[in-house]
Amino acid sequence: MTAQHDAPHDLVGIGIGPFNLSLAALSHGLPAQGADRLATAFYDQRRDFRWHPGLLIDGATLQVPFLADLVTLADPASPWTFLNYLKHKERLFPFYFAERFHIQRAEYDAYCRWVAGRLPGLHFGHQVDAVRWNPERDLFEVDYTQLDPDGEAEALGRTYTRNLALGIGTAPYVPEPLRPLAEAPTVPVIHSADYLDNRARILGAEHVTVIGSGQSGAEVFLDLLRARPAGRERLTWLARTPSFAPMEYSKLGLEHFTPDYTRYFHSLPEPVRDRLVPAQWQLHKGIDSATIAAIHEELYRRTLHGGWPDTVLTPGVTVRTAGRVATTKVELHLEHTQQGSRSRLTTDAVVLATGYKERPLTRLFAGLDPYMRKDSSGRPRIDDRYRMILDPSVSGTVFVQNGERHTHGVGTPDLGLAAWRSAAILNTLTGKDPYPQPDRTAFTTFGLEQREHTRPRPAVDLLPLVDHP
Ligand SMILES: Cc1cc2nc3c(=O)[nH]c(=O)nc-3n(C[C@H](O)[C@H](O)[C@H](O)COP(=O)(O)OP(=O)(O)OC[C@H]3O[C@@H](n4cnc5c(N)ncnc54)[C@H](O)[C@@H]3O)c2cc1C
């Protein structure tokens, strides 16, 4: 072990995506017990901050308003707000007249990099390898590998901390039948997370298939459609969902992305929570209606001079297996769920817009596993203050950011709750509520006031209605 930081931190963050960056920004300058400033350090294996670089497609926007930046919904006077970023970039007036509530993804990425470039205590190029509890020192031990600009291991290090914030985000998910394809280099079969790096290669393919009906799938399909010559589009878009459905975006529907709903969801029994998340797919999957409209608009534009675009958009289809044909083509074996029919599609390139999964904790937290309390599915139990429930012998706290969908619901990966969750974590960590939070955040009252639990009510004798003479 070469580098060892003996002075323990108050808080170490693992991963610097938007959520731990929000925590770093809101913790910056906060006073701590017995010290003038909270001692924090955040580590990320990437060499600098990058927000989904493979999908910063020109014109693609956030699905949430710009107020869902790193800090505003907890502290609108913070120096790290999006508006303050625009001020620093002397772009407030253009933004004012642009009247854009939903900013471009590329702008959100640039804003986060502006914050990451100014905040002290952020260590990029540091991969955290293991976390364990050190009962002698009453501290968490965090082992990391310092990486050189090519991502090669350069040095090993260890640091100590009283508290941790787990913000390792999600990783691209490739369904089983398609994994062998994605691993072989000859035919371009890529996950949408790597789209822009492979865009030229994909566009060069004779026929392209996009799989997946989420926002990424729609944006990739639209970008390819716009780039392909009219009448020779040669594009297929397949989805398992019964339709290319819009994301829920009604004002009351969006109240599922509030702290009130998150509190309510957390209070539900585990089996109910596990049933709800998949049932609410249109809240966090689906396609933003502006993108659906843009796709229809582009398809329609291509019929102006007669004929139909050479595109096939088919929902309700599962890719059962996939294989190579010769060395340059892929054959997808398809099944239509409702029809029960099967067919084959030969294509020259595949974009897998098949989503993301929470990164497994097995390796990183192996040392903590004996102390972790798990639910009936072996998932970490997380309390309403985003604390991982650990054996009482562990006096430190592990806070979880975007790894708690099973306990806190659909709002977990939502940028709109980033500042709120960071503030809740810092209020708990400091015990001083530096960021006072409102009791109420929604017009909807989720759940009934718990006067009595759903035990059977005794039959009451309904008195006959008295006819008023
Ligand atoms: C393409 C895309 C677009 C999205 N758009 C929106 C949107 O418009 N609105 C919205 O509300 N939500 C959106 N989301 C959902 C969500 O907000 C994002 O996924 C967001 O990036 C999650 O932030 P995060 O901090 O949890 O994780 P990530 O952004 O995934 O960052 C996690 C970081 O942890 C690092 N890391 C992981 N393991 C280690 C380790 N062992 N050591 C060191 N570092 C590690 C990774 O390198 C990464 O930088 C989008 C998601 C995707 C994929």
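When each of the peptides 41-49, 373-381 is scored by the mean number of other C-beta atoms lying within 10 Å of its residues, the order from highest to lowest reads 41-49, 373-381. Note on Ala171 and Ser377: the model spin-label points, each 7 Å out from Cα along the C-beta direction, lie 1.9 nm apart.
Given a Förster radius of 51 Å and the C-beta distance between Arg179 and Lys432 as r, what FRET efficiency does 1/(1 + (r/R0)^6) yield to the nearest 0.05? Provide the component values of the computation, followed by the final result.
Numbers: r = 49 Å, r/R0 = 0.95.
It comes out at approximately 0.55.
Here's how it looks for Val189: its modeled amide H is under 5 Å from those of Val350, which are all 5 or more places away or on a different chain. Amide H contacts under 5 Å for Trp237: Val210, Val312, Leu313, Thr314, restricted to partners 5 or more places along the chain or on a different chain, H placed in the peptide plane at 1.01 Å from N.
Only helices enter the 222 nm calculation for the chain: every DSSP H run of n ≥ 4 contributes -39,500 (n - 2.57), and dividing by all residues gives -7000 deg cm²/dmol, rounded to 500. The 3J(HN,Hα) values that the Karplus relation (6.51, -1.76, 1.60; θ = phi - 60°) gives for segment 118-126 are, in residue order, 10, 7, x, x, 9, 10, 7, x, 10 Hz. Gly and Pro appear as x. Rounded to whole numbers, the Karplus 3J(HN,Hα) couplings from phi for segment 56-66 are 7, 5, 3, x, 5, 10, 5, 8, 10, x, 4 Hz, using 6.51 cos²θ - 1.76 cosθ + 1.60 with θ = phi - 60°, and x at Gly and Pro. Kirkwood radius for segment 1-160, taken over all pairs of different Cα atoms as the inverse mean of 1/r, rounds to 17.3 Å.
Remark: relative contact order (the chain) = 21 percent; criterion is Cα-Cα distance under 8 angstrom and separation of 6 or more residues.
Computed from the C-beta positions of Arg201 and Thr445, the FRET efficiency with R₀ = 56 Å rounds to 0.60.
At 1.4 Å probe radius, can you tell me the per residue accessible area of the chain in Å²? Display every interim value, and only then the final one.
Values: 24220 Å² over 469 residues.
I get 52 Å² per residue for the chain.
Taking Cα centre as origin and charging only the Cβ of basic (Lys, Arg, +1) and acidic (Asp, Glu, -1) residues, the dipole magnitude of the chain rounds to 720 debye. What's the center-to-center distance, using Cα atoms, between segment 227-244 and segment 381-420 in Å? If we compute the Cα centre of each part, the gap is 39 Å.
The average projected area of segment 146-242, computed from the convex hull of its Cα atoms over all directions, is 10.2 nm². At full extension, Asp138 and Thr186 could sit 12.1 nm farther apart than now, given 0.36 nm per residue minus the alpha carbon distance.
Residue by residue, segment 387-392 carries 3J(HN,Hα) couplings of 9, 5, 7, 10, 4, x Hz when phi is fed to the Karplus relation 6.51 cos²θ - 1.76 cosθ + 1.60 (θ = phi - 60°); x denotes Gly or Pro.
The values are calculated or read from the model by the stated rules, or taken from the named source; none is laboratory data. Here the structure is a predicted model, which means the values were calculated and not measured. Virtual Cβ from ideal backbone geometry, glycine too; neighbours counted across all protein chains shown. We work out accessible area using only protein heavy atoms, side chains counted, and drop any ligands, DNA or RNA first. Shrake-Rupley method; radii C 1.70, N 1.55, O 1.52, S 1.80 Å.
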